[in-house]
Amino acid sequence: MIKKPSFLERITGSIKLDSSKDDGFEEQETFADEIQYTDQSELGGVRDEWAQNDDDGVQDGELPIDMYQTRDTIVIRALVAGVSPEDLDISITRDMVVLKGQREEVQEAPDEDYYHRELFWGSFSRSIVLPEEIVIDEAEAKEKHGLLEIILPKLDKGRSARLTVKSHHPAK
């Protein structure tokens, strides 16, 4: 029995449609053939969603995160087990957070003796566009038991202040 491709598979071009069937869609050239799939062994068993090349062609892992909001803050959490807090580089702007670091591998056995290699070792980075502007000077980052938590106070756009006008005329 032939599996019918899903609508998503058809519109993304992730499979080639059989041209002998008329399903109402014009046959289009797919871009799936242009995608270069990386062999898992080249990544040391790393899942594809971790892999990301930087401008130098060096492969970085993309750090998975959770991000949520409270009434006054945006909170970002990431698992950074095995990374010293001093080795984390966190830069923030009013609308973006960039996390960088490196997890050093301690190899206990030669490569051929591993049954599974799924943990990510090496450098990682993540750029996160924030849904709202934040107050940079009040941001905090803390790590406990391998969980990094970044707390970003939201910018209060409703806040207002009264200004008094000062005169620069010399007193007579």
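The values are calculated or read from the model by the stated rules, or taken from the named source; none is laboratory data. Given the structure is predicted, the values throughout are model-derived calculations rather than measurements. Here the Cβ positions follow ideal geometry from the backbone for every residue, glycine too, while neighbour counts run over all protein chains shown.
What the table shows:
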read-out: Members of segment 112-168 found to be assigned by TED's automatic domain parsing to the domain that holds residue 60 and polar (S, T, N, Q), listed by number; value: 123, 125, 127
read-out: Of all residues in segment 115-165 being in contact (Cβ under 8 Å) with a residue 40 or more places away in the chain and aromatic (Phe, Trp, Tyr), the one that is nearest to residue 78 (Cα to Cα); value: 124
read-out: Any chance residue 36 is surrounded by 10 or more Cβ atoms within 10 Å (Cβ to Cβ) and either within 30 Å of residue 156 (Cα to Cα) or at pLDDT below 95 (or both); value: no
read-out: Given (1) surrounded by 12 or more Cβ atoms within 10 Å (Cβ to Cβ); (2) in a strand (DSSP E or B), index of the condition residue 142 fails; value: (1)
read-out: Failed item, numbered, when residue 102 is tested on (1) under 20 Å from residue 62 (Cα atoms); (2) surrounded by 15 or more Cβ atoms within 10 Å (Cβ to Cβ); (3) in contact (Cβ under 8 Å) with a residue 24 or more places away in the chain; value: (3)
